[in-house]
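Student: Before I ask anything, here is the structure I am working with.
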Amino acid sequence: MERSLVLIKPDAMQRGLAGVIIGRLQGDGLKLLALKMLHMDRSLAERHYAVHRDKPFFRDLVAYITSAPIVAAVFEGEDAVERIRKIMGATDPAKAEKGTIRADYGLDVQRNATHASDSVENGRKEIALFFSGKEIFPPGPTES
Ligand code: IDP
Ligand code: MG
């Protein structure tokens, strides 16, 4: 079983797409273990996107992700990291495969609706930035 951090980014939040996107992931059999709405501050954004700090788009990315509230979620499932990234599609919505979340809902390479962890190890680190242990619920009869 793998876990991934999923973010519903500001552009998708502003268009009321949080429920649709979470529903798509649950519909694929991924289990929702944690969920919250928050407004990321610069410190959290810089830690979450630390790997991109030397990229030319870093400043813009931090400004964008802190521009409005987001939804953060933890999903679990077999091969969850790869499955979720496949359901989301390529970073650039214009290049994302038809039927993926980013192809359907992304606006441009920055405002691409969602984030998902790109490895189990990064997922573990990202989840710890957003959720305490108490906020993550083990999958069981009350959650599907
Ligand atoms: P990913 O979200 O598909 O893993 P990353 O390369 O990790 O893509 O980039 C993180 C985020 O930074 C992207 O989701 C997108 O919002 C933004 N981003 C990536 N590349 C560009 C770019 O070339 N211009 C502007 N924003 C970008
Ligand atoms: Mg990434």
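The values are calculated or read from the model by the stated rules, or taken from the named source; none is laboratory data. The structure presented is a predicted model; accordingly, all values stated were derived computationally and were not measured. Because the Cβ atoms are built from the backbone with ideal geometry, glycine has one as well, and the counts that use them run over all protein chains shown.
Student: Just the residues that are surrounded by fewer than 16 Cβ atoms within 10 Å (Cβ to Cβ) and either of a type in the set (S, T, N, Q) or within 12 Å of ligand 2 (Cβ to nearest atom) (or both), please, taken from region 89-108.
Tutor: The answer is T91, and nothing else.
Student: Filter region 21-64 down to residues that are within 12 Å of ligand 1 (Cβ to nearest atom) and under 24 Å from E2 (Cα atoms) and give me whichever is surrounded by the most Cβ atoms within 10 Å (Cβ to Cβ).
Tutor: The initial filter retains those residues of region 21-64 that are within 12 Å of ligand 1 (Cβ to nearest atom), namely 45, 48-53, 55-64.
Narrowing the set further to residues that are under 24 Å from E2 (Cα atoms) leaves 45, 48-52.
Working: A45: 18, H48: 21, Y49: 17, A50: 11, V51: 10, H52: 13.
Filtering region 21-64 for residues that are within 12 Å of ligand 1 (Cβ to nearest atom) and under 24 Å from E2 (Cα atoms), the one surrounded by the most Cβ atoms within 10 Å (Cβ to Cβ) comes out as H48.
Student: To continue, here is another question. Quick test for you: out of F131, F75, F58, pick the one residue that is at pLDDT 95 or above and touching a Leu at 6+ places or on another chain (Cβ under 8 Å). Explain how you work it out, then say what you get.
Tutor: On the way: F131 fails: touching a Leu at 6+ places or on another chain (Cβ under 8 Å); F58 fails: touching a Leu at 6+ places or on another chain (Cβ under 8 Å).
F75 is the lone residue from the list that is at pLDDT 95 or above and touching a Leu at 6+ places or on another chain (Cβ under 8 Å).
Student: Looking only at residues that are of a type in the set (S, T, Y) and in contact (Cβ under 8 Å) with a residue 24 or more places away in the chain in region 109-138, which one is nearest to ligand 2 (Cβ to nearest atom)?
Tutor: Let us first name the residues in region 109-138 that are of a type in the set (S, T, Y), namely 114, 117, 119, 132.
This time we only want the ones that are in contact (Cβ under 8 Å) with a residue 24 or more places away in the chain, so: 114, 117, 119.
Values: T114: 11, S117: 8, S119: 9 Å.
Once the filter is applied, the top-ranked residue is S117.
Student: Please determine whether any residue of region 51-71 is in contact (Cβ under 8 Å) with a residue 60 or more places away in the chain and charged (D, E, K, R).
Tutor: no
Student: Before we move on, is A12 within 14 Å of ligand 1 (Cβ to nearest atom) and either closer than 18 Å to S119 by Cβ or buried (at least 20 other Cβ atoms within 10 Å of the Cβ) (or both)? Lay out the reasoning, then the answer.
Tutor: Details: within 14 Å of ligand 1 (Cβ to nearest atom): yes; either closer than 18 Å to S119 by Cβ or buried (at least 20 other Cβ atoms within 10 Å of the Cβ) (or both): yes.
Answer is yes for this residue.
Student: A further question on this structure: Would it be correct to say that A96 is among the small types (G, A, S), closer than 18 Å to D28 by Cβ and either part of a loop (DSSP other than H, G, I, E, B) or touching a residue at least 24 places away in the same chain (Cβ under 8 Å) (or both)?
Tutor: The answer is yes for A96.
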